[in-house]
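Quick notes on the structure that follows.
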Amino acid sequence: MSPVAERLREFRAAVGLTQREVASLCGLGKRTIIYWEMGEREIKCTKLVPLSEEYDLDFNWLILGKGSMFNDVVDPAVVDPAVVEPDALDEELEEIPDPPVEPVDQQWVDTTQPLQKEQEDVLPLIQRLRRK
């Protein structure tokens, strides 16, 4: 039996699928899965895409034997220690106070001179901020 066939059988056992269920999900006959697992026929990996989509099967694991069986499983040896857990990040963000808002300087826009294009774009925003 080929290593790929062994891993296919291991995957099937891990998720509790029968050969018939795998065949049905992939649009194949049960005999095809039997032949694949016995090593009598070459496994067509493109036919296993529905398994990958449904169960998040990692093809690197299936074909090469590298990584984890499932895509969402993180290998602890590969985890970057610089990555912060989301919960810890949320806690850090909650502890940082918002900076004080300073009032807009009224001298910034000289209304005695014709407005330039940049000032025309910003003036409505400044007026809204003044109202708050």
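Go through region 1-65 and tell me which helices (runs of 4 or more DSSP H), entirely inside it, have 1 or more residues that are touching a residue at least 24 places away in the same chain (Cβ under 8 Å), crowded, with 17+ Cβ neighbours inside 10 Å and touching a Gly at 6+ places or on another chain (Cβ under 9 Å).
By residue number, 3-15.
Working only within region 45-80, note down all residues that are aliphatic (A, V, I, L, M) and at pLDDT 80 or above.
Correct list: L48, V49, L51, L57, L62, I63, L64, M69.
The values are calculated or read from the model by the stated rules, or taken from the named source; none is laboratory data. All values derive from a computational prediction rather than experimental measurement. Counting neighbours? That spans all protein chains shown, and the Cβs are built from the backbone with ideal geometry, glycine included.
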